[in-house]
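Each remark here refers to the structure printed beneath this line.
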Amino acid sequence: MTWRVNYRDIVRVPPGKLRGSVYSLVRRSSQCTAFSEDAMSVCDMGRQVFVPTAFYKGNKVAIKSIKKARIELTRPLLLELKRLKDLHHDHLVRFYGACIDQPDICFLLTEYCPKGSLQDILENDQFKLDWMFRYSLMHDIVKGMSYIHASEIKSHGSLKSSNCVVDSRFVLKIADFGLRSLRQSEDSCSGSDSYASWRKLLWTAPELLRMRHPPAEGTQRGDVYSFAIIVHEIVTRQGPFYLGDQNLGPKEIVEGVRNGSKCLRPTTELPCEEEVTSLMRRCWAEDPADRPDFTTLKATIRRLNKDNESNNILDNLLTRMEQYANNLEALVEERTADYLEEKRKCEELLYQLLPKSVASQLIMG
C-alpha cells in the first residue's frame, strides 16, 4: 500500500493566490518542510497553470480527479498501483500515489510538468522549434514508450500529444499510462457523439476503432500508430491528422480510418526529410504486423538526430536550455519592437494634437 496517499497530506494550491500566500500556506503544513524556493516559483502570478495542482510532501504535483461512486480495490488493481509507484524513468511522469479517502472521488497524484503538454507547445505560434528540438521530442517519446512496452504495463492505450508533457528542463515525459480500469470510466463520461469525443479518437489505430469493445489498455502496435500521428503533429504543427487541402471534421476522419477500403491518412507532402515521411508511413500501416516496434524506432530517430545526439545527459540538457534561451531572446526582441512602434504612433498623435514644445514637456513628465 505504498501508493496510498492521505488526504491531509495534500495541500491544494488555490488558483490566483499570490506567491507569498501560497508560500505561507505550504509552510504551515508539517509535511512540507523540505521544498525549495525554486519549486515555489511555478506559483508566480502570470505563469500559466495547465492542470489542477497541489503540494504533497514538498513536491508540486498534478492532480487528476476520477469520479466514481465506489472503487473496489481488487488484487489486479492493487498490483497495478504498486507497479506504477515503483516505475521510474527519465521520460515517464512519476506516479506519487492515489488518494481514496474522499467519498465519490479518487485523486491520482503525478509529477507536475510546468511547460504543459506537447499539444500546448505545438499550438503556440510564438514558440520556434528547429529540427534538433523536434527530433529530441520524438526521441524522448520513443525512449519512454520503449520502457513502457518492456515493463509489466506492456502498452499505453491512449497515447496522444495532450498526454506528452514537458518539464522545466524541456525533457518530454509520457503521462496517463496504466490504471485503465479507473481512467476508462472517466473517459466514458463525455458524450459519445460530441466533437471532443471524436477528436480523442484521431490517434487511435484502425484495428482498434473497428472493435466493438477494444482492450482498455490498448495494444503495442496501436501505440506505434498513435506515435506516427504525434510525429505528424510535430512536423506540421497544424494539429492532429492534418489533411492539407481536405477539410474534414474529426467524425469524418475517424470513419474514414475505420473504413479499411478508404485507408485515410494525414498528408505526407511535408517540408521534412524523406526518412521522416517514410517512418510515419511505416508506423501507420494498415496491417499492424507491418509497423515497426519502438526499439527499431529508437535506432531510426537516433540516426536522424545523429548530429545533435550525445550520450552525455549534461550536453543534451545544455543544448536544450541554450535553444530555449535563444527562443526567449527572439520573443523579447519582437515584443520590444512592437512596443517601440506603438510608442512612436502615440507620440506622433500627440504632436498632431498639441504644440511640439508642450507635447515634448508632457512626454518628459
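The values are calculated or read from the model by the stated rules, or taken from the named source; none is laboratory data. All values reported here derive from a predicted model rather than from experimental measurement. Backbone-built Cβ (ideal geometry, glycine too); neighbour counts: all protein chains shown. Keep in mind that these areas ignore ligands, DNA and RNA; they rest on the heavy atoms of the full protein, side chains included. Shrake-Rupley method; radii C 1.70, N 1.55, O 1.52, S 1.80 Å.
Annotations for the structure displayed:
- With the simple model of a label 7 Å out from the Cα in the direction of the Cβ, ASP120 to ASN6 spans 3.1 nm.
- Residue-level accessible surface for ARG258, protein heavy atoms, 1.4 Å, Å²: 70 Å²
- Label-point separation, GLU252 to TYR195 (7 Å along Cα→Cβ), nm: 1.5 nm
- Across every pair of non-identical alpha carbons in segment 252-365, the mean reciprocal distance, once inverted, gives a Kirkwood radius of 20.3 Å.
- Separation in nanometres of the label points that stand 7 Å from Cα toward Cβ, at GLU269 and GLN238: 0.9 nm
- With N the number of residues in segment 226-300, Rg(Cα) / (2.2 N^0.38 Å) evaluates to 1.10.
- Paramagnetic label reach from THR319 (point 7 Å along Cα→Cβ; backbone nitrogen cut-off under 12 Å): within segment 99-139, residues 131-137, 139.
- Segments 232-240, 339-347, 247-255, 206-214 sorted - mean Cβ within 10 Å per residue, highest first: 232-240, 247-255, 206-214, 339-347
- Residue separation of ARG83 and TYR339 scaled by 0.36 nm, minus their Cα-Cα distance, works out to 86.9 nm of gained length.
- Compared with the direct C-alpha span, the chain from ILE105 to LYS67 gains 13.2 nm at full extension, assuming 0.36 nm per residue.
- Scattering from segment 202-252 was approximated by placing one identical point on each alpha carbon and applying the Debye formula without solvent; log10 I(q)/I(0) at 0.17, 0.24 1/Å stands at -0.59, -0.96.
- In angstrom, the C-alpha Rg and Dmax of segment 321-361 are 16.3, 50.
- GLU72 accessible area, 1.4 Å probe, all protein chains in place, Å² to nearest 10: 120 Å²
- Legend: Rg and Dmax of segment 157-303, from Cα coordinates, 15.2, 44 Å.
- For segment 123-139, the residues whose amide N sits under 19 Å from a probe point set 7 Å from the Cα of LEU328 along the beta carbon direction are 124-130, 133.
- The mean of 1/r over all distinct Cα pairs in segment 74-207, once inverted, gives the Kirkwood hydrodynamic radius of 16.3 Å.
- Karplus-derived HN-Hα couplings along segment 280-292 (A = 6.51, B = -1.76, C = 1.60, θ = phi - 60°), whole Hz, x at Gly and Pro: 4, 4, 5, 6, 9, 4, 5, 8, x, 5, 7, 7, x
- Structure note, pairs LYS173/LYS200; LYS67/LYS143; LYS64/LYS251; LYS143/LYS200; LYS85/LYS154; LYS160/LYS298: Cα-Cα distances above 25 angstrom occur for LYS67/LYS143; LYS64/LYS251.
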